[in-house]
Amino acid sequence: MNCAECRDNFIACVEGLLDRDQSLQCQAHLETCAPCRAEYEKVAKLQQCLVARGQAAAGVRIVESVMRRVRQEQFKPERETIMSKLFRHRWGFGLSAAAGAAAIFTVILLAMPNAQAQAVAIMTKGAQAAAKLTSIHLRGQLRTAPQDNFSAIMPDQDFVTIELWKQFEPELKWRVDKPGRIAVMDGHSTMLFIKPDYGYKVAQRSSSAFDTQWLHEMADLNKTLENELTAIKARGWPVTLTQQQGADGKAKSVVSVEAKSGLGTGDYLNNKFFSTANTRRVYQFDNASELLESVQIYLHSDAGEKLVFNLEAIDCNQPIDPAMFQLQLPANVSWGGDMPMLPDNEKYAAMTSEQAARAMFEACGREDWTEAAKFFNPLTGSMKQILGGLQVVSIGTHFTSVMSLIMGAEFVPYEIKLKNGETVKFNLSLKRDASTRRWFVDGGI
Amino acid sequence: MDLTDKEYVERCRDGHAEDFGLLVDRYQKSVFSFLAWRVGNFSQAEEAAQESFVRAFRSLAKLRKPESFYSWLLGIAGRVAQEQFRAELRRGQDGEAAEAMRTNATSDPADYPLEEAMAALPENHRQVILLRYYEGLSCQEVATRLAMPLGTVTKTLSRAYLLLRQELEARDFRGS
């Protein structure tokens, strides 16, 4: 096969349409012809990007919701004022009032099978019952590593306690705690502390930050309801309602929502975070008070269903000690922030993720902390202790996930031998800084 | 038989509003993907995609070149994403969402502006790309859907890849 014939077959090759002989001939040519190989890699990369973009959008079905609005504008001008206001609220990111939730419930009720509509009604009443909160404290058990992200799910790990304290009045403040990390919003700024010595501060208040959004949504039933209803309707997530007797002898309504991430089972981030996991969410409401009493989240995987989160305590309108929103940090904290532009920044910006991973690990091996720090935001003392004097065993070829492609991150497989003799084999998560375009370590150590 | 974008737009303008649903069906995933790349948040991207289509419907009468519906639609989607971003900044309350959007909105636009580059493709080439990758059909299924031989699908894909790469490289060049 010559160059022209080989290039004519590129698309058929990446699409797997060649027969065995043709495929072998194409591969043989690629092994011996560097220009064709480079060209083929470009085609294959473009195909990967197209596949990833398509996978990310696989669950999107908005025809019905768009056409409902179109019909209202086109055919029912007498309803336009009321309905468009309602939908503008909904699509204007603001459905925080119970009245809004009730209105959405009415719309969904018209379109959904009866059992599903009843389940939605229970959630709506729960949202209304919880609408006048002045504060809330949630305590749950989550299967995860103590220091990992707040939304990271690790079904093979033991449960660790995760808690949210949220004060709505007189001023919004919140704190999320797990054994290895704490996030606090004190009314003016938002701070993350990862034990023992990493800190990151944003000089503005926030309703959620640092991967805690899922827990905040649980504390704001209206928000949870809005999200669940959107997904139930737009993505066809199954929802069921059962009536049970609780341990306290009282009647309970249990709403179960099957959430689909839309990621393929082969995607690296599939089932690793709440936002990328296939889960079944079980909400239990007390029939008399209509309040939410418990939440369990089960992870769906090839291994079956496993409980990964159990919300075991919900305290409403109890005073929260103001000291909870003040962090006392050790003096040796290293603070993350804007990455500095280096004099030779271009050299680092031009690196591939594999080159950046190798350069970072080798600098750590030499204990050249000035060089190593160029790949961290920031390099902490505890990280120096772990990585100092390491030996690089191997650096693999990077791979991506649908989510990482969108967020501009890549994963680089590595194997290193630490100074204490321990061998670590994992995938380094590298992300490009938006302003300097340098790769920095975003996880995986 | 699927109609062209121009034909659907003209039918909508002639009072067949329901045909707009076929345009939404054709482009919902690529518009969502474009917005997800811009805002970095699936939930907000889906909301913005809905809003973009509704605004497009409202403004359909103003579209001068119906054959350019897709690139016009992406322009609307880009403005909706920008409005979302500004609203978050104005509210100043949701630092996480605003930060995510800012980071991605200022990322190197030459990285993967695939949907924008697709707007430069001839419509029949774009349709094959959409069916194959965004609808997840196999090449054979695309051939059946479009009533064309498999060989024509692969040739169209080859040409589409070439044009996409040229467009992406040109954007990269213009960007630099």
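The values are calculated or read from the model by the stated rules, or taken from the named source; none is laboratory data. Since this is a predicted model, take the numbers as computed values, not measurements. Note: ideal-geometry Cβ built from the backbone for every residue, glycine included; neighbour counts use all protein chains shown.
Here are the criteria: (1) touching a helix residue (DSSP H, G or I) at 6+ places or on another chain (Cβ under 9 Å); (2) small (Gly, Ala, Ser); (3) without any contact (Cβ under 8 Å) to a residue 40 or more places away in the chain. Tell me which single one residue A:331 does not satisfy. For residue A:331, the failing item is (1).
Here the condition is being under 26 Å from residue B:169 (Cβ atoms) and either at pLDDT below 85 or surrounded by fewer than 19 Cβ atoms within 10 Å (Cβ to Cβ) (or both); of A:72, A:55, it holds for A:55 alone. Within the option set A:148, A:177, being under 19 Å from the mean Cα position of the chain (by Cα) and at pLDDT 95 or above holds for one residue only, A:177. Every listed requirement among (1) in a helix (DSSP H, G or I); (2) surrounded by 15 or more Cβ atoms within 10 Å (Cβ to Cβ) is met by residue A:48 save one, (2). One residue is enough: does the stretch B:4-25 have a residue meeting the conditions over 19 Å from residue B:128 (Cα atoms), at pLDDT 90 or above and touching an Asp or Glu at 6+ places or on another chain (Cβ under 8 Å)? No: zero hits. When residue A:167 is tested against (1) surrounded by 17 or more Cβ atoms within 10 Å (Cβ to Cβ); (2) without any contact (Cβ under 8 Å) to a residue 24 or more places away in the chain, only condition (2) is not met.
Quick check on residue B:133: is it facing chain A (nearest Cβ under 9 Å) and modelled with pLDDT of 90 or more? Yes; evaluated as a whole, the condition is true for this residue. Just one of the listed residues (A:212, A:230) is within 11 Å of chain B (Cβ to nearest Cβ) and at pLDDT 80 or above, and it is A:212. Does residue B:88 satisfy being within 12 Å of chain A (Cβ to nearest Cβ) and closer than 19 Å to residue A:70 by Cβ? So residue B:88 fails the test.
Every residue, every condition in (1) under 17 Å from the mean Cα position of the chain (by Cα); (2) in the same structural domain as residue B:30 (by TED's automatic domain parsing); (3) within 18 Å of residue B:4 (Cα to Cα), yes or no:
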{"residue": "B:124", "(1), (2), (3)": "yes, no, yes"}
{"residue": "B:147", "(1), (2), (3)": "no, no, yes"}
{"residue": "B:150", "(1), (2), (3)": "no, no, no"}
{"residue": "B:162", "(1), (2), (3)": "no, no, no"}
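The residues in the stretch B:127-157 that are of a type in the set (Ser, Thr, Tyr) and either crowded, with 18+ Cβ neighbours inside 10 Å or on the phi > 0 side of the Ramachandran plot (or both) can be counted, and the count is 4.
So that you can scan it fast, the table gives a plain yes or no per residue for (1) buried (at least 17 other Cβ atoms within 10 Å of the Cβ); (2) farther than 30 Å from residue A:250 by Cβ:
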{"site": "A:277", "(1), (2)": "yes, yes"}
{"site": "A:283", "(1), (2)": "yes, no"}
{"site": "A:334", "(1), (2)": "yes, yes"}
{"site": "A:338", "(1), (2)": "no, yes"}
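Does at least one position in the stretch A:183-198 carry a residue that is in contact with a Phe, Trp or Tyr (Cβ under 7 Å, 6 or more places away or on another chain), under 22 Å from residue A:380 (Cβ atoms), more than 12 Å from chain B (Cβ to nearest Cβ) and not in a loop (DSSP other than H, G, I, E, B)? Within the stretch A:183-198, one or more residues are in contact with a Phe, Trp or Tyr (Cβ under 7 Å, 6 or more places away or on another chain), under 22 Å from residue A:380 (Cβ atoms), more than 12 Å from chain B (Cβ to nearest Cβ) and not in a loop (DSSP other than H, G, I, E, B). Scanning for something more than 13 Å from chain A (Cβ to nearest Cβ), assigned to a helix (DSSP H, G or I), touching a residue at least 24 places away in the same chain (Cβ under 8 Å) and on the phi < 0 side of the Ramachandran plot, does the stretch B:10-31 turn up at least one residue? Yes, the stretch B:10-31 contains at least one residue that is more than 13 Å from chain A (Cβ to nearest Cβ), assigned to a helix (DSSP H, G or I), touching a residue at least 24 places away in the same chain (Cβ under 8 Å) and on the phi < 0 side of the Ramachandran plot. For residue A:159, the criteria (1) of a type in the set (A, V, I, L, M, F, W, C); (2) under 19 Å from the mean Cα position of the chain (by Cα); (3) surrounded by fewer than 21 Cβ atoms within 10 Å (Cβ to Cβ) hold in every case but one, which is (2). Taking the stretch A:338-384, which residues are charged (D, E, K, R) and touching a Ser or Thr at 6+ places or on another chain (Cβ under 8 Å)? Across the stretch A:338-384, the qualifying residues are A:338, A:354. Select, from B:46, B:67, the only residue that is of a type in the set (Asp, Glu) and surrounded by fewer than 24 Cβ atoms within 10 Å (Cβ to Cβ). Of the residues listed, the single one that is of a type in the set (Asp, Glu) and surrounded by fewer than 24 Cβ atoms within 10 Å (Cβ to Cβ) is B:67.
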